[in-house]
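S.K.: Once you've had a glance at the structure underneath, I'll fire off some questions.
The values are calculated or read from the model by the stated rules, or taken from the named source; none is laboratory data. Remember, it's a predicted structure, so these values are computed and weren't measured experimentally. Ideal geometry is used to build each Cβ from the backbone, glycine not excepted, and the neighbour counts take in all protein chains shown. These accessible areas exclude ligands, DNA and RNA; they are computed on the full protein's heavy atoms, side chains included. Shrake-Rupley method; radii C 1.70, N 1.55, O 1.52, S 1.80 Å.
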Amino acid sequence: EERPRIKIVDYEGLTAVTRSDIADRLKERGIELRLDSFLDDRVLRRVATVVRELYADKGYRDVLVTQRVDPLPDRPKLAHVVFSVAEGPRVALRDVEFIGNTVFTDAELTRLMKANRPIGLLSLVSGRGTFNAAKFEDDAQAITAHYRNQGYIEAQIGDPEIRPLDDSIDGKTRWVQLRIDVTE
């Protein structure tokens, strides 16, 4: 039996990400969700993954993306694809704690980090203050390079641990602490 063709694609609940952001990321990844193409469950799952990644980049780690396929009335072989997005709270860094550092203070090491800094006065303008796992590796390399420049050749940075602290009163922000192991 022939699979239905996609006639309409909708995204419900998008606020932090736009349809054009999704289209751009799909194009980067080579994922094609075209109208009038045959319905493919693998492509739908990949699109949902791309939407989750875009929200994670914006600080929404608990986003829930579901997809459903509705047949169009009076046209059973045409499908209406709907991606529903439930954002959840935005994850914001309140504090970064380094465990095992004795040579440099937490503040000195935090200043070396570019992507994963706690919320401050300028973070509203710069977009900082959210944990970005993809860019943590760059921050870890910057800290390791700083230690090595100071003569600590065997310095290593461990994997980050995110510890939830509390939620804001309106429920839109979840405050977390980033804990990083340091071996000097």
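S.K.: For the stretch 8-32, enumerate the residues that are loosely packed, with under 12 Cβ neighbours inside 10 Å and touching a residue at least 60 places away in the same chain (Cβ under 8 Å).
M.R.: Hits for the stretch 8-32 are GLU12, THR15.
S.K.: Note down all Cβ pairs under 7 Å where the first residue falls in the stretch 33-52 and is over 13 Å from VAL9 (Cβ atoms), the second is outside any helix (DSSP H, G or I) and open to solvent by 60 Å² or more (accessible area, probe 1.4 Å), and they're at least six residues apart or on different chains.
M.R.: Matching pairs, first to second residue: PHE38/ARG3; PHE38/ARG5.
S.K.: Has the stretch 125-132 got at least one residue that is hydrophobic (A, V, I, L, M, F, W, C), at pLDDT 85 or above and open to solvent by less than 50 Å² (accessible area, probe 1.4 Å)?
M.R.: So far as the stretch 125-132 goes, no, none of its residues is hydrophobic (A, V, I, L, M, F, W, C), at pLDDT 85 or above and open to solvent by less than 50 Å² (accessible area, probe 1.4 Å).
S.K.: Would you mind stating whether ASP166 is open to solvent by 60 Å² or more (accessible area, probe 1.4 Å), without any contact (Cβ under 8 Å) to a residue 12 or more places away in the chain and either over 22 Å from the mean Cα position of the chain (by Cα) or farther than 30 Å from VAL47 by Cβ (or both)? Spell out the reasoning first.
M.R.: Details: open to solvent by 60 Å² or more (accessible area, probe 1.4 Å): yes; without any contact (Cβ under 8 Å) to a residue 12 or more places away in the chain: yes; either over 22 Å from the mean Cα position of the chain (by Cα) or farther than 30 Å from VAL47 by Cβ (or both): yes.
Judged against the criteria, ASP166 is a match.
S.K.: Listed residues ASP41, ASP70, ASP95; which is at pLDDT below 90 and surrounded by fewer than 20 Cβ atoms within 10 Å (Cβ to Cβ)? Steps first, please.
M.R.: Working: ASP41 fails: at pLDDT below 90; ASP70 fails: at pLDDT below 90.
When all the criteria are applied, what remains is ASP95.
Listed here are the residues, each with its yes/no results for (1) among the β-branched types (Val, Ile, Thr); (2) open to solvent by 60 Å² or more (accessible area, probe 1.4 Å); (3) assigned to a loop (DSSP other than H, G, I, E, B).
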| position | (1), (2), (3) |
| --- | --- |
| VAL51 | yes, no, no |
| TYR60 | no, no, yes |
| PHE83 | no, no, no |
| ARG111 | no, yes, no |
| ILE143 | yes, no, no |
| GLY151 | no, no, yes |
